[in-house]
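S.K.: I'd like to ask some things about the structure below.
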């Protein structure tokens, strides 16, 4: 699901010189914990510098808090928007940094999918100082993505994340069988 703000729509439409779009990725996995053993995530900015960014109020972790997104050279292809496709986000990472590698190794040992959230903030440059200040909350959010395929070599990590396929889910979710509901099958 994608959520857009008017600021990001305007930034894409007019590309003002004093605005900069900060793209980020957050990976959530049950094994990602901090020093106090509390739930944590891997937060990266697709930029050459770290950014202190404030989460939206509805974020699954750190709602409304400001956290540092570490810089990382990462190639991201956003989900395509074609009729009949579920859309897949593709990630390619060369030379995984030492700060992230132990968490990714731990996640590979546990049979659980990682959640992926892609966010963009519009940062506006102060005309006097030249410093960019990001918006108070993300201006674009693509969430509800789940890592489906991950391949790793010594030099490269590649992954694909997709949306949940609601079309192929059983409905109703509850199965009605003879043992639990004998009256439905003509027996008592």
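Each reported figure results from applying straightforward, stated rules to the coordinates on display, with no laboratory input. What you see is a predicted model, and the numbers here were worked out from it, not measured in a lab. Positions of Cβ are generated from backbone atoms using ideal geometry, with glycine treated the same way; all protein chains shown enter the neighbour counts.
S.K.: Looking at segment 89-96, can you tell me whether even one residue there is free of Cβ contacts under 8 Å to residues at least 24 places away in the same chain and not in a loop (DSSP other than H, G, I, E, B)? Steps first, answer last, please.
M.R.: At the first step, the residues of segment 89-96 found to be free of Cβ contacts under 8 Å to residues at least 24 places away in the same chain are none.
Scanning segment 89-96, I find no residue that is free of Cβ contacts under 8 Å to residues at least 24 places away in the same chain and not in a loop (DSSP other than H, G, I, E, B), so the answer is no.
S.K.: Within segment 11-58, track down each residue that is under 19 Å from residue 118 (Cα atoms) and free of Cβ contacts under 8 Å to residues at least 12 places away in the same chain.
M.R.: 12, 58
S.K.: Follow-up question, since we're still on this one. Can you tell me which of 110, 124, 116 is farther than 21 Å from residue 76 by Cα and part of a strand (DSSP E or B)? Can you show your working first?
M.R.: Working: 110 fails: part of a strand (DSSP E or B); 116 fails: farther than 21 Å from residue 76 by Cα.
When all the criteria are applied, what remains is 124.
S.K.: Of all the strands (runs of 3 or more DSSP E) wholly in segment 35-81, which have at least 2 residues that are surrounded by fewer than 17 Cβ atoms within 10 Å (Cβ to Cβ) and on the phi < 0 side of the Ramachandran plot? Break it down stepwise before answering.
M.R.: On the way: elements: 39-45, 51-54, 66-71, 74-77.
Correct list: 66-71, 74-77.
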